[in-house]
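First comes the structure, then the notes that go with it.
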Amino acid sequence: MRLEVYSHPLVQRYRTSLVTKAVIFQFLLFLLLVIAPVLIAYRTSGFWIKEKYYTEKPYVIYRHEAVLFVRTSNDRPLLWSTYPGLNQIVSMEGSAGSALVESTDVDNDYNGRNDYLELDAKFYLESGESVVAVNAYLFFDYQLKLFSRVETLGLALVQERNAGGASELSIRGDLNFVQKINLPHKGTNDDFSGALITDTSGFDMNALIESYNARNLTTEFDYSYAGWVQGASSDSSFVLNLHINYPEQTLRYEPGFLEELKFAWIQYLSIFVIFYFLFSRLKTFIFQNQVFPTVPLAVNPRKPL
């Protein structure tokens, strides 16, 4: 009984002149071996990733800049804001509202990122008055830092109506990030961090909101709960309570070259291996059967090391 302790293949070599059908065949097969996997991977999509997603908890800070507008049941508009220029205008028009506003940014888990804003605004009305419409505009510093550093102006917009008149409105919702463009994978983007309302911008709120929505990076206050307390209050006041969460966001970004290459080469290699196996079989058949004339070299199994 004999025991096999080692084996290795014998290599059969084939030679030919520089310009022959065999050389052209080998060259074309090499090009096909290199290019075909790229074409197949590209045509089946996903080869070169143009966008990816990640999640991040944003850094959000209330700027203590707001415009609060209410319309009473007597069709009397009242406006309160943190902008002196706007306050001067509405005061001249007799629409300045008297209000007590308190706000608190809360970081529940003490991780350096605020979790929500709690804002309470109490408007003082005339006896028997209630509120039929509320518009609120609150502004935030909104930052992302995990990949690229993104700084943008955040806006929470509330527009609610109540035909019967109410003494209180409570709203709970999320301040979500809205992007029309992919975020870069590195660098800084603060193109949309500028203030929306300035002393020279004018105070046409519809035009300002339209200008804000035209930005590529914005925020949106999404809420499904708006609770009204119907009727006038006993102390002739109206209370607006806003609870604005800053939830974790799913963000779309453009990966860098090395990150794209990391996934592209895996797809390329998986297809390349199949073509390499098939082409190796094809070349063995072609040259063993002398489809293209070549000169086989004798194999010497006892070639010295």
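The values are calculated or read from the model by the stated rules, or taken from the named source; none is laboratory data. Since this is a predicted model, take the numbers as computed values, not measurements. Glycine gets a Cβ as well: all are built from the backbone with ideal geometry, and neighbour counts include every protein chain shown. These area figures cover heavy atoms from the full protein model, side chains too; ligands, DNA and RNA do not enter into them. Shrake-Rupley method; radii C 1.70, N 1.55, O 1.52, S 1.80 Å.
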Notebook entry, point to check: Quick check: anything in segment 242-259 part of a helix (DSSP H, G or I) and exposed (fewer than 13 other Cβ atoms within 10 Å of the Cβ)?
Noted result: yes
Notebook entry, point to check: Got a number for residues in segment 161-207 being aliphatic (A, V, I, L, M) and in contact with a Gly (Cβ under 8 Å, 6 or more places away or on another chain)?
Noted result: 4
Check: Residues of segment 134-158 being assigned to a strand (DSSP E or B), open to solvent by 10 Å² or more (accessible area, probe 1.4 Å) and farther than 17 Å from T82 by Cα, which ones?
Finding: Q143, R149, E151
Note to self: Considering only residues that are part of a strand (DSSP E or B) and surrounded by 15 or more Cβ atoms within 10 Å (Cβ to Cβ), which ones fall in segment 209-225?
What the structure shows: L217, T218, T219, E220, F221, Y223
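Matching residues to (1) in contact with a Phe, Trp or Tyr (Cβ under 7 Å, 6 or more places away or on another chain); (2) within 27 Å of Y59 (Cβ to Cβ):
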{"residue": "Y212", "(1), (2)": "no, yes"}
{"residue": "D222", "(1), (2)": "no, yes"}
{"residue": "G227", "(1), (2)": "no, no"}
{"residue": "S233", "(1), (2)": "no, no"}
{"residue": "S237", "(1), (2)": "yes, no"}
{"residue": "T250", "(1), (2)": "yes, yes"}
{"residue": "E254", "(1), (2)": "no, yes"}
{"residue": "W265", "(1), (2)": "no, no"}
{"residue": "F287", "(1), (2)": "yes, no"}
Next item on the list: Return yes or no: is Y6 farther than 20 Å from V134 by Cβ and either open to solvent by less than 60 Å² (accessible area, probe 1.4 Å) or not basic (K, R) (or both)?
Entry: yes
Check: Can you find even one residue in segment 291-301 that is among the aliphatic types (A, V, I, L, M), surrounded by 15 or more Cβ atoms within 10 Å (Cβ to Cβ) and in contact (Cβ under 8 Å) with a residue 24 or more places away in the chain?
Finding: no
Next item on the list: Any residue in segment 104-128 that's free of Cβ contacts under 8 Å to residues at least 60 places away in the same chain: show its pairings with residues that are buried (at least 19 other Cβ atoms within 10 Å of the Cβ) and aliphatic (A, V, I, L, M) at Cβ separation under 9 Å, as long as the two are six or more apart or on different chains.
Entry: T104/L117; T104/L119; D105/V60; D105/L117; V106/L117
Item checked: Failed item, numbered, when V178 is tested on (1) closer than 30 Å to P77 by Cβ; (2) outside any strand (DSSP E or B) -> (2)
Next item on the list: Can you tell me which residue among Y62, Y53 is open to solvent by 70 Å² or more (accessible area, probe 1.4 Å), in contact with a strand residue (DSSP E or B) (Cβ under 8 Å, 6 or more places away or on another chain) and not in a loop (DSSP other than H, G, I, E, B)?
Entry: Y53
Checklist line | Filter result for E129 (of a type outside the set (G, A, S), assigned to a loop (DSSP other than H, G, I, E, B), at negative phi and open to solvent by less than 70 Å² (accessible area, probe 1.4 Å)) | finding: yes
